[in-house]
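Peer 1: Got a structure here, written out as structure tokens. Questions coming.
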Amino acid sequence: MSAFPTGVAVITTYGPDGLPRGLTCSSLASVTSEPPTLSVCLNSRGETLRALRTHGAFAVNLLHDGGRGAAEVFAKPVSNRFGQVEWRPSPGAGLPWLVQDAFTTADCRVSELIEVGDHTMVLGEVTGVVQESGTPLLYGVRRFAHWPGGAVAGTRPSPEGVAS
């Protein structure tokens, strides 16, 4: 699968101690539009999944082409990952939002967890979206690249907080 290019996201949540947790994820999919639901696949033994199970919510930070540094920080076992990026609570659910590195952030409430081998598929119902213009960061064949079509336009959130 390393030869298949995909978008790059950082999944974030809070641990039981109230501190943010997160990891780089390229296993992300839109599942359904009604209700809007995303899936992410996380290592079943990972700290971020443990935190996500406890908190019950997570943010999907879709990185733009300037977010490679964040992707690399969250892909390695680095202490204080959040000390190396600019972040703040998202406007809706207050989840960790990578304000300088993500062109879109979706807040999600965990709706289902499915164990598959050594990973867990997490289904999350989207409860809010922040989307700005940006060129998506891609990863494949063990290299980063940017979306050749250029920037994706930002959208205004709907009154409920989910972009239409």
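The values are calculated or read from the model by the stated rules, or taken from the named source; none is laboratory data. Keep in mind that what you see is a predicted model, and the values were worked out from it rather than measured. Using ideal geometry, Cβ is built from the backbone for each residue, glycine included, and neighbour counts are taken over all protein chains shown. SASA here: full protein model, heavy atoms, side chains in, ligands and nucleic acids out. Shrake-Rupley method; radii C 1.70, N 1.55, O 1.52, S 1.80 Å.
Peer 1: Residues to consider are V130, V99, V116; find the one that is of a type in the set (A, V, I, L, M), closer than 19 Å to R53 by Cα and in contact with a strand residue (DSSP E or B) (Cβ under 8 Å, 6 or more places away or on another chain).
Peer 2: V116
Residue-wise test of (1) outside any helix (DSSP H, G or I); (2) closer than 23 Å to V141 by Cα; (3) touching a residue at least 40 places away in the same chain (Cβ under 8 Å).
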{"site": "S2", "(1), (2), (3)": "yes, yes, yes"}
{"site": "D17", "(1), (2), (3)": "yes, no, no"}
{"site": "S30", "(1), (2), (3)": "yes, yes, no"}
{"site": "L38", "(1), (2), (3)": "yes, no, yes"}
{"site": "L49", "(1), (2), (3)": "no, no, yes"}
{"site": "F58", "(1), (2), (3)": "yes, no, yes"}
{"site": "A70", "(1), (2), (3)": "no, yes, yes"}
{"site": "G83", "(1), (2), (3)": "no, no, no"}
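Peer 1: Where residues in segment 74-94 are within 20 Å of F144 (Cβ to Cβ) and over 14 Å from the mean Cα position of the chain (by Cα), which of them is least open to solvent (accessible area, probe 1.4 Å)?
Peer 2: Start the filter on segment 74-94 by keeping residues that are within 20 Å of F144 (Cβ to Cβ), which leaves 74-78, 81, 84-86.
Filter once more, so that each one left must be over 14 Å from the mean Cα position of the chain (by Cα): 76-78, 81, 84-86.
On the way: K76: 111, P77: 134, V78: 49, R81: 51, Q84: 105, V85: 22, E86: 91 Å².
The extreme case among them is V85.
Peer 1: So which of A106, A93, A102 ends up being under 20 Å from S33 (Cβ atoms) and in contact with a Gly (Cβ under 7 Å, 6 or more places away or on another chain)?
Peer 2: Residue meeting the stated conditions: A93.
Peer 1: Moving on to the next point. For segment 4-15, which residues satisfy the criterion of being surrounded by fewer than 20 Cβ atoms within 10 Å (Cβ to Cβ) and in a strand (DSSP E or B)?
Peer 2: As a first pass, look at segment 4-15 and keep what is surrounded by fewer than 20 Cβ atoms within 10 Å (Cβ to Cβ): 4-7, 15.
Correct list: T6, G7.
Peer 1: Being farther than 24 Å from G154 by Cβ, in contact with a helix residue (DSSP H, G or I) (Cβ under 7 Å, 6 or more places away or on another chain) and not small (G, A, S) is true for just one of V110, V116, V8. Which residue is that?
Peer 2: V110
Peer 1: Another question, if that's okay. Looking only at segment 62-72, decide whether some residue is open to solvent by 60 Å² or more (accessible area, probe 1.4 Å) and either under 23 Å from E34 (Cα atoms) or in contact with a Lys or Arg (Cβ under 6 Å, 6 or more places away or on another chain) (or both).
Peer 2: Looking through segment 62-72, none of the residues is open to solvent by 60 Å² or more (accessible area, probe 1.4 Å) and either under 23 Å from E34 (Cα atoms) or in contact with a Lys or Arg (Cβ under 6 Å, 6 or more places away or on another chain) (or both).
Peer 1: Every residue in segment 102-130 that is open to solvent by less than 60 Å² (accessible area, probe 1.4 Å) and out of contact with any Leu (no Cβ under 8 Å at 6 or more places or on another chain), please.
Peer 2: Correct list: E125, T127, G128, V129, V130.
Peer 1: Also, quick follow-up: With out of contact with any strand residue (DSSP E or B) (no Cβ under 6 Å at 6 or more places or on another chain), in contact (Cβ under 8 Å) with a residue 40 or more places away in the chain and either open to solvent by less than 20 Å² (accessible area, probe 1.4 Å) or assigned to a helix (DSSP H, G or I) (or both) as the only criterion, which of R45, R53 stands out?
Peer 2: Exactly one residue qualifies, and that residue is R53.
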